[in-house]
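The values are calculated or read from the model by the stated rules, or taken from the named source; none is laboratory data. Everything numeric in this text was worked out from a predicted model, so none of it was measured. As a convention, Cβ positions derive from the backbone with ideal geometry for all residues, glycine included, and neighbour counts pool all protein chains shown. Protein only, heavy atoms only, side chains kept; ligands, DNA and RNA dropped before computing areas. Shrake-Rupley method; radii C 1.70, N 1.55, O 1.52, S 1.80 Å.
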Amino acid sequence: MEAKWSFPSSNGGEKRGLNDSGIETFNDNPIKSLAREICQNSLDAVISGQRAIVEFNTFTLDKTDFPDVYGFTEILGKCLDYSKNNVNHKTPLFFETALNRINKDKIKMLRISDFNTTGLKGNDWDNLVNSSGSSEKEEGKGGSFGIGKNAPFACSEFRTVFYSTLDLDGNQKSKGVSKLISYKLDDNADGSENVSQGTGYYGVVTPYNINHLENMLNLDKSFSRTSSGTDIFVSALKIISEEEFKSNIIAEVLDGYLIAIWNGKLEIKVNGHIINKETLSNVIQEYKKSLNDHTVMCFELLIDNTTIWQKIPVYISNTLPLGDINFGFKLRYDGSNKVSMIRSSGMKILDKGGLCPSLRFVGMAIVEGDALNTFLRGLENPSHNKWEPQRSSDPSAARNLLKDMYNSLTDKLNEEASNAFDDQIDIEGAGDYLPDEIEDENNKNLDNVKKEESLNKIIDVEVKVIQKPRSVAHLETDEIGVDIETAIEAEGEPTEGTNYDGFEHQGSKPHGTGERDFDDVGMLDSDEFRGEELITVKAKDIRIFCINKKEQLYRLIFTPTINSSKGYIAITKLAEQNEKMPAEIIYVKNPDLEFTKNKIGYFEFKDDQPCKVDIKIAGEEYSTMEVKLYAYKG
């Protein structure tokens, strides 16, 4: 029988709209999400002892070669007609765009193929193609929610994907899946409205089913499969330049799977560009500008034979051993102060910060042991980038395990720092910032050098008291953070900044009298609250971190400890020796707040309730910031 597109009747069930939560999960950065999810699935299906190879290849498809193109175009038209009265104009706009694309002579496509893998059969095929939100992977495998399969749909302007597989027994299967909306079908026999389900399939249609094809789909004419594995074809790939596509895939793969590539478990091909253990060094160098600084540091950590690697045992309830953490790290003056937490498969889950704020370092921690990997897998969120204790059947035990695990990493860092400083070991690169010793070459410039015997005498003593900065929020990186309000109870919280108790006001200074710091004044020159007492405020949980690297937009979160309807903040930059310079604020996102020079207000301070503001600060350099809180009493 001839294959065609079919959207089954909902039979009076729910009507589906365009907002599919599974797809929306990956819409923020669909290409990068695609790379992460695909590589995980291929590593899970690799043949034992083989290197998984994943190929990403873009190509153009003649419109007439699109499977059942006329039937699919008709369905897009029906979806548009059914959505025209939709209050959400996003839906009809989507179908207008889709119809415009499919009516062109050429359609941009993406083929994703894996090799040295088992292919899909039985439940694996059904879970990928015919199910939603289901996953039956073995213990220790990557996916556990069945949500990652939606990443390819987020990359398609048709929300349509084709699957083909050849398994180890030589069986072939192919099927198309389209996740659109419910639309009107022919009326039921009793005259009532009959609408479709939101998901349709390209396959062999029977009165009771839509079966897969028993052959491979050869949509990419330059490719023909001869060994076991799976091909995924993303139709109408969202518009992106070839170079941007390649750099995004490479950057995400290196960030998420650096260890898997380094250990020879994974090879990636992107439009003919090969990334494997043998080419890794050249690829890092070529795409360095596109890569996260921490990724580059981790690679340098791997190739450095002086890197310290230690096994740290991990226990649950302080008694039952689950596995080990293989912890490698190195002190360095420009370190990211993060530790990449990595599954045994080679997939990174998160970059953990805040482990040892007093050091500059970079680190990697690889989870070893089936029991520990399985336990931590149960704590992962659907995006596989956090460990969340509340997902465990015993959240308290999970929270304690994570705490003990991170404390062990901190102990190792502190131990090494103590040894390094006791032995006066030069932290890598620090010598570049220190003056060279004075050379006595041919007795030149000896007039500027004190004679040796004079060094035995105390000539002068200068005492300079340097006050410790208070309420300090560090801003020393351009790495993208995550909102502390949504991450305060889970892994993945912002890695820059730390908690401070703040400071108490040491007596307010009346306006117009006495010496005052440049920021120890009212926010506005008009001094609209004249006569009201201005006090400094204790603060805690002060954080400032980057939320948009391209726009240089930063988020400041702080928690005051008093109530005031007239509070404001002053931000200064701290240079060496604690010299202060007002930060120049050039933009505040909140329209209810005003800003002038280095001050932002007025906030409504509530005791122990966080305040948040997104800002732009002039200057491209990253420096330590001091944030002071002020409030009027009255």
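Quick check on this structure: which one of Asp370, Asp324 is open to solvent by 20 Å² or more (accessible area, probe 1.4 Å), under 19 Å from Ile259 (Cβ atoms), in contact with an Asp or Glu (Cβ under 6 Å, 6 or more places away or on another chain) and of a type in the set (Asp, Glu)?
Values: Asp370 fails: in contact with an Asp or Glu (Cβ under 6 Å, 6 or more places away or on another chain).
So the residue among Asp370, Asp324 that is open to solvent by 20 Å² or more (accessible area, probe 1.4 Å), under 19 Å from Ile259 (Cβ atoms), in contact with an Asp or Glu (Cβ under 6 Å, 6 or more places away or on another chain) and of a type in the set (Asp, Glu) is Asp324.
Any idea which residue in the stretch 563-608 is most open to solvent (accessible area, probe 1.4 Å), counting only those that are of a type in the set (Asp, Glu) and under 31 Å from the mean Cα position of the chain (by Cα)?
Taking the stretch 563-608 and keeping what is of a type in the set (Asp, Glu), we get 576, 579, 584, 592, 594, 604, 607-608.
Right, trim to under 31 Å from the mean Cα position of the chain (by Cα) and you get 584, 592, 608.
Working: Glu584: 111, Asp592: 128, Asp608: 85 Å².
Here the residue is Asp592.
Tell me, please, whether a residue that is farther than 30 Å from Ser336 by Cβ, loosely packed, with under 13 Cβ neighbours inside 10 Å and either touching a strand residue (DSSP E or B) at 6+ places or on another chain (Cβ under 7 Å) or modelled with pLDDT under 90 (or both) can be found in the stretch 535-552. Spell out how you get there, then give the answer.
Keep residues of the stretch 535-552 that are farther than 30 Å from Ser336 by Cβ, which gives 535-538.
Remaining after also requiring loosely packed, with under 13 Cβ neighbours inside 10 Å: none.
Scanning the stretch 535-552 turns up no residue that is farther than 30 Å from Ser336 by Cβ, loosely packed, with under 13 Cβ neighbours inside 10 Å and either touching a strand residue (DSSP E or B) at 6+ places or on another chain (Cβ under 7 Å) or modelled with pLDDT under 90 (or both).
The condition (being touching a helix residue (DSSP H, G or I) at 6+ places or on another chain (Cβ under 8 Å), open to solvent by 10 Å² or more (accessible area, probe 1.4 Å), at pLDDT 95 or above and basic (Lys, Arg)) is satisfied by just one residue among Lys32, Lys78, Lys63: Lys63. Looking at the stretch 279-312 only, could you name the residues that are among the polar types (S, T, N, Q) and more than 29 Å from Lys412 (Cα to Cα)? Those that are among the polar types (S, T, N, Q) and more than 29 Å from Lys412 (Cα to Cα): Thr279, Asn282, Gln285, Ser290.
Screening the stretch 278-321 for residues that are in contact with a Gly (Cβ under 6 Å, 6 or more places away or on another chain) and surrounded by fewer than 20 Cβ atoms within 10 Å (Cβ to Cβ) and picking the one that is nearest to Arg377 (Cα to Cα) gives Trp309.
Would you pick out the residues in the stretch 173-217 that are small (Gly, Ala, Ser) and closer than 19 Å to Cys155 by Cβ? Walk me through how you get there before you give the answer.
Step one: filter the stretch 173-217 for residues small (Gly, Ala, Ser), giving 174, 176, 178, 182, 189, 191-192, 196, 198, 200, 203.
Result: Gly176, Ser178, Gly198, Gly200.
Considering the stretch 351-365, and only residues there that are at pLDDT below 95 and either open to solvent by less than 20 Å² (accessible area, probe 1.4 Å) or closer than 30 Å to Gly49 by Cα (or both), the residue that is farthest from the chain's Cα centre (by Cα) turns out to be Leu359.
Filter the stretch 41-57 down to the residues that are open to solvent by 10 Å² or more (accessible area, probe 1.4 Å), more than 16 Å from Leu217 (Cα to Cα) and polar (S, T, N, Q) and list them by number. Result: Asn41, Ser48, Gln50. Scanning the stretch 116-129 for residues that are under 29 Å from the mean Cα position of the chain (by Cα) and open to solvent by 40 Å² or more (accessible area, probe 1.4 Å), we see that the one that is modelled with the highest pLDDT is Asn116. Return yes or no: is Asn407 surrounded by fewer than 16 Cβ atoms within 10 Å (Cβ to Cβ) and either of a type outside the set (Phe, Trp, Tyr) or over 22 Å from Arg36 (Cβ atoms) (or both)? Yes.
Residues in the stretch 13-23 that are farther than 18 Å from Phe95 by Cβ and open to solvent by less than 80 Å² (accessible area, probe 1.4 Å) were compared, and the one that is modelled with the highest pLDDT is Gly13. For the stretch 206-231, filtered to residues that are surrounded by 13 or more Cβ atoms within 10 Å (Cβ to Cβ) and among the small types (Gly, Ala, Ser), the residue that is farthest from Asn127 (Cα to Cα) is Ser228. Examine the stretch 233-245 for a residue that is over 30 Å from Pro8 (Cβ atoms) and open to solvent by less than 20 Å² (accessible area, probe 1.4 Å), and state whether such a residue exists. For the stretch 233-245, residues over 30 Å from Pro8 (Cβ atoms) and open to solvent by less than 20 Å² (accessible area, probe 1.4 Å): present.
Could you tell me whether Phe26 is within 21 Å of Val161 (Cβ to Cβ) and at pLDDT 90 or above? So Phe26 fails the test.
From the set of residues in the stretch 157-204 that are small (Gly, Ala, Ser) and open to solvent by 10 Å² or more (accessible area, probe 1.4 Å), which is nearest to the chain's Cα centre (by Cα)? Can you show your working first?
Within the stretch 157-204, the first condition is being small (Gly, Ala, Ser), and the residues that meet it are 164, 170, 174, 176, 178, 182, 189, 191-192, 196, 198, 200, 203.
Checking the rest, the ones that are also open to solvent by 10 Å² or more (accessible area, probe 1.4 Å) come to 170, 189, 191-192.
Numbers: Gly170: 39, Ala189: 52, Gly191: 51, Ser192: 48 Å.
Only one residue tops the list, namely Gly170.
If you check Asp220 against the conditions, is it at pLDDT 95 or above, acidic (Asp, Glu) and more than 30 Å from Ile303 (Cα to Cα)? Yes: the conditions hold for Asp220.
Before we move on, is Ile316 touching a Leu at 6+ places or on another chain (Cβ under 7 Å) and either closer than 30 Å to Ser396 by Cα or of a type in the set (A, V, I, L, M, F, W, C) (or both)? Judged against the criteria, Ile316 is a match.
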